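Taking it in order: structure first as structure tokens, then the write-up.
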Amino acid sequence: MATTKVSSKGLNDLFHDTLKDIYFAEKKTLATLPKMAKAAQSSELKAAFEKHRGQTEEHVTRLEGVFEAMGKKPVGKTCAAIMGITEEGAEIMEEYKGSPSLDAGLLAAAQTVEHYEISRYGTLRTWASELGLTEAVNLLDLTLAEEKETDAALTELAESAVNVAAEAA
Ligand SMILES: [Fe+2]
Ligand SMILES: [Fe+2]
């Protein structure tokens, strides 16, 4: 008789694995944001990246709080998605260096990161709630709100100065 291997992993494992994924992604982003701030041409965009770098530090700390609430050590797990998104951002910085369209490209790259984070935090928050991890829900909610605010602020920048400058070029 053929036997099918059934995983014994459950929602708790899925939550823990996904937490490791976003922990890795946040740390990667923490290292990337200063490079993006340095590359940005507009002072508003530089300021937006610098502001979000500070928030990202806090996101890392909050995730450590979630690990702690679960009685786990904070450990990251290589996130292929953020590696790819970061790689694309690096290509833009390289290929559009000195171009009036650089900032538009940087904005697009940064928003891709925000959308990834919003997706992850939304999922984690839902799972934490299902698992009855109240403290985790609170911490994840705080970060989710900041990711959404950042995305909105970047959209505003994209709709104003940055893309207008790129079009005028
Ligand atoms: Fe974040
Ligand atoms: Fe973010």
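Just so you know, all these numbers are worked out from the coordinates, no wet-lab data involved. Note that the structure is predicted; figures quoted are calculated from it, not measured. Every residue, glycine among them, receives a Cβ derived from its backbone with ideal geometry; neighbour counts consider all protein chains shown.
For every other residue with a beta carbon closer than 13 angstrom to the beta carbon of Met93, add +1 if it is Lys or Arg and -1 if Asp or Glu, then tell me the sum. All intermediate terms of the calculation are to be shown ahead of the outcome.
Numbers: positive: Lys35, Lys38, Lys97; negative: Glu87, Glu88, Glu91, Glu94, Glu95, Asp103.
Computed value for this residue: -3.
Once the chain from Ala47 to Ala90 is taken as fully extended at 0.36 nm per residue, the excess over their C-alpha distance is 13.6 nm. Once you reduce the range 129-159 and the range 95-117 to the center of their Cα atoms, the two points are 21 Å from each other. Annotation: lysines with alpha-carbon distance below 23 angstrom to Lys46 (same-chain offsets under eight excluded): Lys27, Lys28, Lys35, Lys38, Lys97, Lys148. Among Leu144, Leu11, the order by Cβ neighbours within 10 angstrom, fewest to most, reads Leu11, Leu144. When the helices of the chain are scored as -39500 (n - 2.57) per DSSP H run of n ≥ 4 and the total is divided over every residue, the value at 222 nm lands at -27000 deg cm²/dmol.
Projected label points at Thr155 and Ala81, each 7 Å from Cα along the beta carbon direction, are separated by 1.9 nanometres.
Peptide packing for 88-94, 108-114 was compared via the average number of neighbouring C-beta atoms within 10 Å per residue; ordered from the highest value, the list is 108-114, 88-94.
For Phe67, Phe49, the sequence from fewest to most other C-beta atoms within 10 Å is Phe67, Phe49.
Taking a Cβ cut-off of under 13 Å around Lys38, the surrounding Lys, Arg, Asp and Glu residues balance to a net charge of +2, with basic ones at +1 and acidic ones at -1.
Send over the per residue convex hull volume for the chain, Cα only, as a whole number of Å³.
On the way: hull volume 22.3 nm³, N = 169.
Spelled out: Cα convex hull of the chain, divided by residues, is 132 Å³.
Which helices, taking whole DSSP H runs in the chain, have alpha carbons extending 18 angstrom or more along the helix axis plus mean Kyte-Doolittle at least 0.0? Mind showing how you got there, number by number?
Values: long enough: 11-39 (41 Å, -0.24); 43-69 (39 Å, -0.88); 80-95 (22 Å, 0.23); 102-130 (42 Å, -0.17); 134-157 (35 Å, -0.02).
Correct list, ordered by number: 80-95.
If a spin label sat at a point 7 angstrom from the Cα of Asp13 along the line to its beta carbon, no backbone N atom of the range 42-83 would be nearer than 12 Å. Classify the range 1-75 as rounded, prolate or oblate, taking a ≥ b ≥ c as the square roots of the eigenvalues of its Cα gyration tensor: rounded when a/c is under 1.5, otherwise prolate if a/b is larger than b/c and oblate if not. Taking the square roots of the gyration eigenvalues as a ≥ b ≥ c, the range 1-75 is prolate. Summing Cβ point charges (Lys, Arg +1; Asp, Glu -1) relative to the Cα centre of the range 12-164 gives a dipole of roughly 420 debye. Taking other Cβ atoms within 10 Å as a rough exposure proxy, Ser43, Ser7 sort from fewest to most as Ser7, Ser43.
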